[in-house]
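One structure is given below, represented as structure tokens, and several questions about it will come after.
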Amino acid sequence: MKNTISHALRHSPANLRFLHALACAAALPLTAHVASAQTWAGATTGSANTTNLNTWNLATNWSSPATIPNAAGSAATFNTLTGPLTVYADTAAATNITIGTLNLNSNQDLLLGTVTAPTDLGTFIFDGNSSAAVLNVGASVQADRGITFASNKTGGFALNSNLTVNLNAGTNTGRVFNVRSSAAAALGSAALNGNGNTITLNGGRLAFLGNGSSLRNVTVDLRNADKFAFEIGSASNHLETNVTYQIGKAGGQEVAINGNLTVAAKWELSGDVEFFGGSTRGLTLSGFIADANGNNIVTYGRTASGFSSVTLSGATANTYSGGTLVRLTGNTNLLNANKTGAFGTGLLTINTGNVKLGADQSINGLSGLTGSSVTGNSTTQRVLEINSANNASYAGALGNIGANENNLRLVKNGIGIQTLSGTSTYTGTTTVTAGTLLVNGSLGASSAVSVSTAGRLGGTGTVAGTVTTAGTGSVIAPGNSPGTLTLGALNASSGSTFNFELGTSSDLLAITGAFTGSTAANGLVFNFSNSGGLVAGSAYTLINFGSASGLDSTDFSTGTLPGFALDTSFGTGGYLINANNLQVQFIPEPSTYAMLGLGVLGFCLRRKNRKD
């Protein structure tokens, strides 16, 4: 039976044709598009593409075997380069080259594609075949060299999978994964289209060097890159569409922007990040910055190299929470906050530079050094709200002499203490809604100040405008244990509280203009504490004023005493209203007299017993 079947297979005409076709197919050479591992055997330097020695899509440029690596998961290795080498996908036809793993083991740059002639008609596609594609830059590659994706046409590179870029440090640092493009079409449609995939850098930095660059639909994970993780050179253009940079690690990371550019990407922070650039450069961040985890700090500029300007714009508020540090090259250089929520939800610290508000801002405290400033930047009056449960101190100025720079309004919110020790000239109102505002510098006469029922105004400086208290819960507390607070005028509503420390050194409220008191009985509440050395029977001046109205002896109510009782023989009930001041005087508490009397009685009894 087996022999019969075998004979039929051998001699059936149809089966004979099938066996003949199979034998012919077996004799054909292997296809050029295979998932294989090849070694580059073409040019070792240059970009001239003489006799196509720089063309990927040419089998004779490959060895081991001489076939073209062009399939998902295929691998290519470049071992010996004598100088920077440009490799084109294809300059003769629009050929797509698909690669899974690329190894650079030489010490020179490898450029895939070009931004100059001849035009690379092909596209490089990275596809790891169900896993991430991989670029390996060996440890022998020199510092500031690596792999460049260069395109002078639309869509020169694409990702069909995630891409892992291993930039091994070796004895040198600064390996580079560089993306370049030059054509307007490439900028419009992206030199590199990630198709929703992620590029992960292990070591080295991502660089956009040369004429320009563009990315689309990609996430770039820089969290395992070098500390110097991101760079844009002196390019004249840069474009990102739907791009996210994941950045920040222990010890922080750095981003250098050396062109006058707009960076539209989203930044996800896993650690502190410092943006810096040349002193004549301007940076615009039109994307938004968010915390991936933790309280991460964003720094603009650095001591030795800051921007001439930074602009924060876009429709989405930044949400990072660690705080913002501004240290531009000099105090004439600008940070333009042109969107609400530009500084995230943390503390704003300005060491050098002028922060100009093109949009209203709410910050979690303000700190910084003398010479810096926060100003308006619009014909519309901008609001700076300090909303914090923590304490902060700012030595710079609010407002300045430039156009619209004084067009600013201040709101103090949150239970924290905000200290202002600089000279401020803004003309909008000042509202102490909650917490404490300590003015140890000065606020201009054009800024009317209101103290709400949960607010407190204090300090040792000058508030040249008129201060109005809202009533019960509003507190005026001159000094900083203790000291003098100067006001232009004061309208004190019923229920307002005044806190004074009295003693060898005492608090004083100095009102250069009118003091308008409450007309309600017991409408003004006074709390006293002993700062050390308070003397009974001595008059202490609480308030000086240029003029007064609505004041009489029935206005005053006493809350906390300083360990002494009011001297009711002084003025009316211990308070004395003079032509230009208000004073108070104390005597020892009755319990003190009682103890003194008992002491005298005991002394007398002891003397009597001795005589007996």
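Since every read-out is calculated from the coordinates, none of them should be taken as a lab result. Keep in mind that this is a model prediction, so the values were computed, not measured. Cβ: placed from backbone, ideal geometry, glycine included. Neighbour counts: every protein chain shown.
For the stretch 226-378, how big is the tail of P(r) above 24 Å, as a whole percent of Cα pairs?
Tail of the P(r) past 24 Å holds 22 percent of the pairs.
So, how do all the Cα-to-Cα distances of the stretch 429-612 break down into 10 Å bins, in percent, from 0 on up?
10, 35, 31, 11, 6, 4, 2, 0
What value, in deg cm²/dmol to 500, does the helix sum -39500 (n - 2.57) over DSSP H runs of n ≥ 4 give at 222 nm once divided by the residues of the chain?
Numbers: 4 runs with 53 residues, N = 612.
One gets -3000 deg cm²/dmol as the mean residue ellipticity at 222 nm.
Rounded to two decimal places and with Rh computed the Kirkwood way over Cα pairs, what is Rg over Rh for the stretch 350-431?
0.93
Along the three principal axes, how long is the stretch 488-569 when you take its alpha carbons, biggest first, rounded to the nearest angstrom?
32, 25, 21
For the stretch 47-104, what size does the Cα cloud have along each of its three principal axes, sorted from largest down, in whole Å?
Extents along the principal axes, in whole Å: 29, 27, 18.
Read phi for every residue in the stretch 394-403 and hand back ³J(HN,Hα) as whole Hz from Karplus 6.51 cos²θ - 1.76 cosθ + 1.60, θ = phi - 60°, with x for Gly and Pro.
After applying 6.51 cos²θ - 1.76 cosθ + 1.60, I find 10, 9, x, 10, 9, x, 6, 8, x, 4 Hz.
Cα convex hull of the stretch 31-223: mean projected area in nm², to one decimal?
If you wrap the Cα atoms of the stretch 31-223 in a convex hull and average its projections, you get 9.6 nm².
Another question, if that's okay. Using only C-alpha atoms and all pairs of different ones, pull out the Kirkwood radius for the stretch 430-470 in Å with one decimal. Walk me through the intermediate numbers first.
Values: mean 1/r = 0.1001 Å⁻¹.
Roughly 10.0 Å, rounded to one decimal.
Could I ask something else about it? How large, in Å, is the stretch 406-487 by the Kirkwood hydrodynamic radius built from its alpha-carbon pairs?
Details: mean 1/r = 0.0824 Å⁻¹.
Across the stretch 406-487, the inverse of the average 1/r is 12.1 Å.
Here are several values of mean projected area of the Cα convex hull in nm²: (1) 50.5; (2) 30.2; (3) 65.9. Which one was derived from the coordinates shown?
Structure-derived value, by its label: (1).
Another question about this same structure. Could you give the distance between the Cα centres of the stretch 353-411 and the stretch 233-280, to the whole Å?
Using only Cα atoms, the two centres lie 25 Å from each other.
Based only on Cα atoms, what mean projected area does the convex hull of the stretch 332-373 have, in nm²?
For the stretch 332-373, averaging the hull's shadow over all directions gives 2.6 nm².
From the alpha carbon gyration tensor of the stretch 531-593, can you work out the equivalent ellipsoid semi-axes (sqrt of 5 times each eigenvalue) and give them in Å, largest to smallest?
Result for the stretch 531-593: semi-axes of 22, 12, 10 Å.
Provide the packing ranking of 524-535, 365-376, 51-62, 406-417, i.e. peptides ordered by the mean count of other C-beta atoms within 10 Å per residue, highest first.
Ranked by mean Cβ neighbours within 10 Å, highest first: 365-376, 406-417, 51-62, 524-535.
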